[in-house]
1. Which of the following residues is in contact (Cβ under 8 Å) with a residue 12 or more places away in the chain, surrounded by fewer than 18 Cβ atoms within 10 Å (Cβ to Cβ) and either touching a Gly at 6+ places or on another chain (Cβ under 8 Å) or at negative phi (or both): 106, 68?
2. Report every pair of residues separated by at least 6 positions or lying on different chains whose Cβ atoms are under 6 Å apart, first residue within region 42-63 and under 16 Å from residue 164 (Cα atoms), second open to solvent by 40 Å² or more (accessible area, probe 1.4 Å) and in a loop (DSSP other than H, G, I, E, B).
3. Could you say which residue among 167, 125, 181 is touching a strand residue (DSSP E or B) at 6+ places or on another chain (Cβ under 9 Å), of a type in the set (Phe, Trp, Tyr) and open to solvent by 10 Å² or more (accessible area, probe 1.4 Å)?
4. So if I check each of 324, 282, 312, which one is small (Gly, Ala, Ser) and either under 30 Å from residue 143 (Cβ atoms) or open to solvent by 10 Å² or more (accessible area, probe 1.4 Å) (or both)?
5. Hey, could you check region 184-218 for residues that are open to solvent by less than 10 Å² (accessible area, probe 1.4 Å) and outside any strand (DSSP E or B) and say which is nearest to residue 303 (Cα to Cα)?
6. Can you tell me how many residues in region 219-253 are open to solvent by 20 Å² or more (accessible area, probe 1.4 Å), assigned to a helix (DSSP H, G or I) and hydrophobic (A, V, I, L, M, F, W, C)?
7. What's the number of the only condition in (1) in contact (Cβ under 8 Å) with a residue 60 or more places away in the chain; (2) buried (at least 22 other Cβ atoms within 10 Å of the Cβ); (3) aliphatic (A, V, I, L, M) that residue 260 fails to meet?
8. In this structure, is residue 153 touching a residue at least 12 places away in the same chain (Cβ under 8 Å), open to solvent by less than 10 Å² (accessible area, probe 1.4 Å) and more than 22 Å from residue 259 (Cβ to Cβ)?
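The values are calculated or read from the model by the stated rules, or taken from the named source; none is laboratory data. Just so it is clear, the model here is predicted, and its values are computed rather than measured. FYI the Cβ positions are ideal-geometry reconstructions off the backbone, even for glycines, and counts take in every protein chain you see. Note: accessible area is taken over every heavy atom of the protein model, side chains too, but ligands, DNA and RNA are not part of it. Shrake-Rupley method; radii C 1.70, N 1.55, O 1.52, S 1.80 Å.
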Amino acid sequence: MIKLTLRIASLGLLFVFSACNLTQNSTEEKQIISPTQKIETPKATLNASAVKEELEFLTSNDLMGRNTGTDGIEKAAVYLEGILKKNNIKPYYKTYRDSFEVKGATGYNIIGFVEGADPVLKNEFLIISAHYDHIGLVSPIANDSIANGANDNAAGSVAVLELAKYFATAPKNRRSMLFVFLSAEEKGLLGSKHLAKRLKDEKLDLYVNFNIEMIGVPMQGKDHKAYLTGFEESNLADKFNEYSDEKILGFLPKAKEFDLFRRSDNYSFYKEFNVPAQTISSFDFTNYSYYHQVQDEADKLDIAFMTDLIESIIPGIYTMANTSTKEIKLN
């Protein structure tokens, strides 16, 4: 269990937001910033056994590596829809599915919707996303040819599931939130390209896309829990850590070297909307050896770390959903 605290600008609201009240007695006096007030927010105590159960389902051999357009990923889609429905998370469209064509097959993005409570700010959206597809079957190793994709990216998908469950029961946010499970990332970000264009054409007011990728194992020797791709593109990391009263997000030189900012689904939203759209990850190129291999299995991941990280990012997301103004900005 972690203690979650957020900054507030109004004690009249149950959920809280960050702002500075400026007072000025005359044009010659300097602005005075009032002390920041804090309030304890609804505690996030995630169930590690639920994290483990969801991870094990999404990485089971029955799903055959969740390749887009296959029976396996269809089973994953039905599973995700079932959990959203069970937790009273509404579909954004008529159904949870946003369908698109990919190489002669049909792909499905799955979208859950938690509407904001503020009559004005509910028209601004956060998108919390992860891709739930993987690469399917590969060359066999020890008679195993199913690439189950535990870290890439069942782990991120479980995080989005758990966050959706939390925000569906937490006091209503001022802004609206979409919890999005993207398909065909492994085929060239095709699912996110389709959805980003669709939402842009529908004139959705996107504030931030917070994408989650490969968070199954901890980094070693770092003073932060995860890194942010495109670190210098916006003030997201600094504000997120401020909101969290903890250094959650940091910079990974390898992420810049390999241009990870443009290699995950966040980039599709960045290109369409020109807003902060970035990915968090804990895969640092040294702490996990099974990228796109059959050994990327659920039992290789650190459930306790995953659970703690998901809990730890709630205050930052909670605050982004409730600030009076859009404080996260591109640099």
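1. Numbers: 68 fails: surrounded by fewer than 18 Cβ atoms within 10 Å (Cβ to Cβ).
After applying the criteria, what remains is 106.
2. 45/1
3. Working: 167 fails: open to solvent by 10 Å² or more (accessible area, probe 1.4 Å); 181 fails: open to solvent by 10 Å² or more (accessible area, probe 1.4 Å).
None of the others qualify; the one that does is 125.
4. Details: 282 fails: either under 30 Å from residue 143 (Cβ atoms) or open to solvent by 10 Å² or more (accessible area, probe 1.4 Å) (or both); 312 fails: either under 30 Å from residue 143 (Cβ atoms) or open to solvent by 10 Å² or more (accessible area, probe 1.4 Å) (or both).
The unique qualifying residue is 324.
5. Here is the first cut: in region 184-218, the residues open to solvent by less than 10 Å² (accessible area, probe 1.4 Å) are 184, 191-192, 195-196, 199, 206-212, 215-216.
Filter once more, so that each one left must be outside any strand (DSSP E or B): 184, 191-192, 195-196, 199, 215-216.
Working: 184: 26, 191: 28, 192: 27, 195: 30, 196: 31, 199: 34, 215: 10, 216: 7 Å.
Applying the filter and picking the extreme gives 216.
6. Qualifying residue count for the region: 1.
7. It fails just one condition, (1).
8. Numbers: touching a residue at least 12 places away in the same chain (Cβ under 8 Å): yes; open to solvent by less than 10 Å² (accessible area, probe 1.4 Å): yes; more than 22 Å from residue 259 (Cβ to Cβ): no.
In short, no.
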